[in-house]
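Q: Pasting in a structure now, in structure tokens, and then I'll have a few things to ask.
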Amino acid sequence: MSIRNCKRCGKIFQYDGVHKICKSCRDQEEKEFEKVKEYLKENPNSSINLVSEETGVEKKTIIEFIKNDRLIAEDLEIDAKLKCQRCGTEIKHGKYCDKCISDMKDEIESLTKKKDKKKKKSGRENMHVSDRLNNKN
Ligand SMILES: [Zn+2]
Ligand SMILES: [Zn+2]
């Protein structure tokens, strides 16, 4: 357990290794999330500005919900722009665009394949060693 400053209110709290904000801010954020969700249920296709005004939830908090994929901006007219953190393309939710997500999947796959190759190589080396041993005998 370590002590940190809450990202939201600045108060010191016990950091649990996961949450960057304190318990009371988390409760507060949860309430705000519910409010926004309820509002969007009744009023789909609202702009962030309007949702913020009507619910009293800060715009940056709403954008944070979208970034964290808790809200999908389909019901929300985005008047703040989200950009893919990898290539900068405009996106509607999350942190990366669809293309980068599939690129990254490919990269992970090719990394796993490389590891497999290494394994096979070392397997062959082992066989050489045992061949030599056999020749000695
Ligand atoms: Zn806090
Ligand atoms: Zn991208």
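Throughout, read-outs are computed from the coordinates displayed, never taken from laboratory work. As the structure is a prediction and not an experimental result, all values here were calculated from the model. Using ideal geometry, Cβ is built from the backbone for each residue, glycine included, and neighbour counts are taken over all protein chains shown.
Q: So what J values fall out for the stretch 40-46 if you push phi through Karplus, 6.51 cos²θ - 1.76 cosθ + 1.60 with θ = phi - 60°, rounded to Hz, Gly and Pro as x?
A: My calculation for the stretch 40-46 gives 5, 5, 6, 10, x, 6, 8 Hz in order.
Q: Computed FRET efficiency, Cβ-Cβ of residue 15 and residue 81, R0 41 Å: what is it to the nearest 0.05?
A: The calculated FRET efficiency here is 0.85.
Q: A further question on this structure: Tell me, in nm to one decimal, what length is gained between residue 92 and residue 4 on full extension, where the rule is 0.36 nm per residue of separation less the Cα-Cα distance?
A: Details: separation 88, 0.36 × 88 = 31.68 nm, distance 3.17 nm.
Difference between extended and current length: 28.5 nm.
Q: Under the rule of at least 5 residues apart or a separate chain, name every residue whose amide H is placed under 5 Å from the amide H of residue 83.
A: 91
Q: Now, a different point. Would you grab the residues whose amide H sits under 5 Å from the one on residue 47? Only those 5+ places off in sequence or on another chain, please, with H modelled 1.01 Å from N.
A: 77
Q: First select every other residue whose beta carbon is under 10 angstrom from the beta carbon of residue 90; then total the charges, Lys and Arg +1, Asp and Glu -1.
A: After counting each charged neighbour, the total is +3.
Q: Provide the net charge surrounding residue 56, with neighbours chosen by a C-beta distance below 9 Å and charges set as Lys +1, Arg +1, Asp -1, Glu -1.
A: For residues surrounding residue 56, the net value is -3.
Q: Once you've got the Cα coordinates, tell me which of 31/83; 59/105; 31/92; 35/81; 20/115; 37/81 are over 30 Å apart.
A: Distance filter (> 30 Å) returns 59/105; 20/115.
Q: Using the Karplus curve 6.51 cos²θ - 1.76 cosθ + 1.60 with θ = phi - 60°, what ³J(HN,Hα) values do you get for each residue of the stretch 52-58, in whole Hz, with x for Gly and Pro?
A: Once rounded to whole Hz, the list reads 4, 5, 6, 9, x, 8, 4.
Q: Something else: In nm, to one decimal, how far is the modelled label at residue 61 from the one at residue 38, with both set 7 Å along Cα→Cβ?
A: 1.4 nm
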